Amino acid sequence: MARKVAVVTGSPRVKGNSSMLAAAFIEGAQAAGCEVVRMDAGRAHIGGCLGCEYCFSHEGACCQDDDMQEFYPLLRECDAIVYVTPIYVFSWPAQIKAFIDRMFCGVGKPFGIKQAALLTCYEDKDATIARHLVDTYRADAAYCGWENLGEVCVNGVYEKGAIAGNPGLDEARALGASLGDA
């Protein structure tokens, strides 16, 4: 049975650098025989978690009627999740952060996710800028009990298409391809 991978993008920008990074990863994963579901959280209408715990008493269902409702059934079928996002002020953009917070419903009815990866790109030329997001991602993955499959961090890209030809695309493709080995 093929591994099913959720690729969750966090950029609100259409066809930007993180979208190209996601496409490279997806290409590698699909070539390795994985089934990939792309979720463009950065352009979805997703409200923040209300902390109401409705999901605890309603088998993981959330009381909010927004785009997250279409993602929940897909997340429950996935073996792995891959976050692909730009970095905004040292961290997640608000759009993907809302998606991550809303995964709290997995407490009421667990997702099948066992593994995770992070792909990120950002404008700053200082490669250490990514450490803040990477640390947050690693803490989240550890808390959820997910095996960390790896991280690809590409700095110095901002304008649409600036990532073209960057070795980070090959790293993302190779990470995707590595999922077919398991």
Here the residues within the stretch 54-92 that are touching a residue at least 12 places away in the same chain (Cβ under 8 Å) and of a type in the set (D, E, K, R) are Glu59, Asp66, Asp67, Arg76, Glu77, Asp79
Examine the stretch 89-97 for a residue that is open to solvent by less than 20 Å² (accessible area, probe 1.4 Å), at pLDDT 95 or above and in a helix (DSSP H, G or I), and state whether such a residue exists.
-> yes
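Residues checked against (1) closer than 15 Å to Leu118 by Cα; (2) open to solvent by 20 Å² or more (accessible area, probe 1.4 Å); (3) in contact with a strand residue (DSSP E or B) (Cβ under 8 Å, 6 or more places away or on another chain); (4) not aliphatic (A, V, I, L, M):
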position: Val5; (1), (2), (3), (4): yes, no, yes, no
position: Val8; (1), (2), (3), (4): yes, no, yes, no
position: Ser18; (1), (2), (3), (4): yes, no, yes, yes
position: Ile46; (1), (2), (3), (4): no, yes, no, no
position: Gln69; (1), (2), (3), (4): no, yes, no, yes
position: Arg76; (1), (2), (3), (4): no, yes, no, yes
position: Ile81; (1), (2), (3), (4): yes, no, yes, no
In the list Ala141, Ala177, which residue meets the criterion of being surrounded by fewer than 20 Cβ atoms within 10 Å (Cβ to Cβ), in contact (Cβ under 8 Å) with a residue 24 or more places away in the chain and in a helix (DSSP H, G or I)?
-> Ala177
Any chance the stretch 101-113 includes a residue that's assigned to a loop (DSSP other than H, G, I, E, B), over 26 Å from Lys15 (Cβ atoms), touching a strand residue (DSSP E or B) at 6+ places or on another chain (Cβ under 7 Å) and not basic (Lys, Arg)?
-> yes
Which of the residues that make up the stretch 155-174 are closer than 16 Å to Thr85 by Cβ, among the charged types (D, E, K, R) and in a loop (DSSP other than H, G, I, E, B)?
-> Lys160
Filter the stretch 38-67 for residues that are out of contact with any Phe, Trp or Tyr (no Cβ under 9 Å at 6 or more places or on another chain) and assigned to a strand (DSSP E or B); which is farthest from Asn17 (Cα to Cα)?
-> Arg38
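In the list Lys114, Lys125, which residue meets the criterion of being surrounded by 15 or more Cβ atoms within 10 Å (Cβ to Cβ), more than 12 Å from the chain's Cα centre (by Cα) and among the charged types (D, E, K, R)?
Lys114
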Cross-chain or 6+ apart pairs with Cβ under 7 Å, the stretch 114-137 first and more than 12 Å from Val154 (Cβ to Cβ), then in a helix (DSSP H, G or I) and modelled with pLDDT of 95 or more | Ala116/Ala141; Ala117/Leu175
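The values are calculated or read from the model by the stated rules, or taken from the named source; none is laboratory data. Since this is a predicted model, take the numbers as computed values, not measurements. Here Cβ is always computed from backbone atoms with ideal geometry, including for glycine, and neighbour counts include all displayed protein chains. Note: accessible area is taken over every heavy atom of the protein model, side chains too, but ligands, DNA and RNA are not part of it. Shrake-Rupley method; radii C 1.70, N 1.55, O 1.52, S 1.80 Å.
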